[in-house]
């Protein structure tokens, strides 16, 4: 009684473990069962090939029996025609035995042919069923993967919450801080680029003044203007339009 209970408990635990592996990857289990069936079908086909060889051997024997009977019939007729009844009787007895063997072999051939055809039909039917199973495995595998992907997408849709209290929100804040820092660096670089601008402008004005002075010297040297005219022109340029008006009023 105790051993029976222990045995039932052990078998229950084994069945539980088996169910865990069975449900862990059902597609793999279906593929395993399919492979097992294909292996059995292959063995059945090999056995059918051997059986067909037996049928062919019986068929050849039946053909030989038929030819032998026809030969004996011809011999019996020939001896009867020749008037040799004794020899004809001996061949007639052999003919009787040959016909009996022919009948038995033809009966066996018929049975073997029927059995072979039945097995062929069974194997063809099994092959069709296996093809259906293979298609179902592919279909279920695709649907299972799709359902898993949909489940993951649904989970991600709920997890993609960009609240500041979530990981995604904190990551977003870090990204925005980095973007702000990069923009600040660009602004500082632009502000620093204006340093020394006054010196550059002063240097440009000085170069312009020196160029104007060199041009006046060239005009005096070439006789285009007199030194006095050059000084008046220079004074007018220095005073500007408003100063010249004031000077005229005086």
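Observations, loosely collected:
- Some residue of the range 34-43 being touching a helix residue (DSSP H, G or I) at 6+ places or on another chain (Cβ under 9 Å) and without any contact (Cβ under 8 Å) to a residue 12 or more places away in the chain: yes
- Pair list, Cβ under 8 Å, 6 or more apart: the range 168-185 residue on the phi < 0 side of the Ramachandran plot and assigned to a helix (DSSP H, G or I), other residue modelled with pLDDT under 85 and surrounded by fewer than 10 Cβ atoms within 10 Å (Cβ to Cβ): 168/160; 170/164; 173/164
- None of 86, 104, 94 is out of contact with any helix residue (DSSP H, G or I) (no Cβ under 7 Å at 6 or more places or on another chain), at pLDDT 85 or above, over 30 Å from residue 42 (Cα atoms) and surrounded by 12 or more Cβ atoms within 10 Å (Cβ to Cβ) except 104.
The values are calculated or read from the model by the stated rules, or taken from the named source; none is laboratory data. This structure is a prediction, so every number in the text was calculated from the model and none was measured. So basically every Cβ, Gly included, is an ideal-geometry build from the backbone, and we count neighbours across all protein chains shown.
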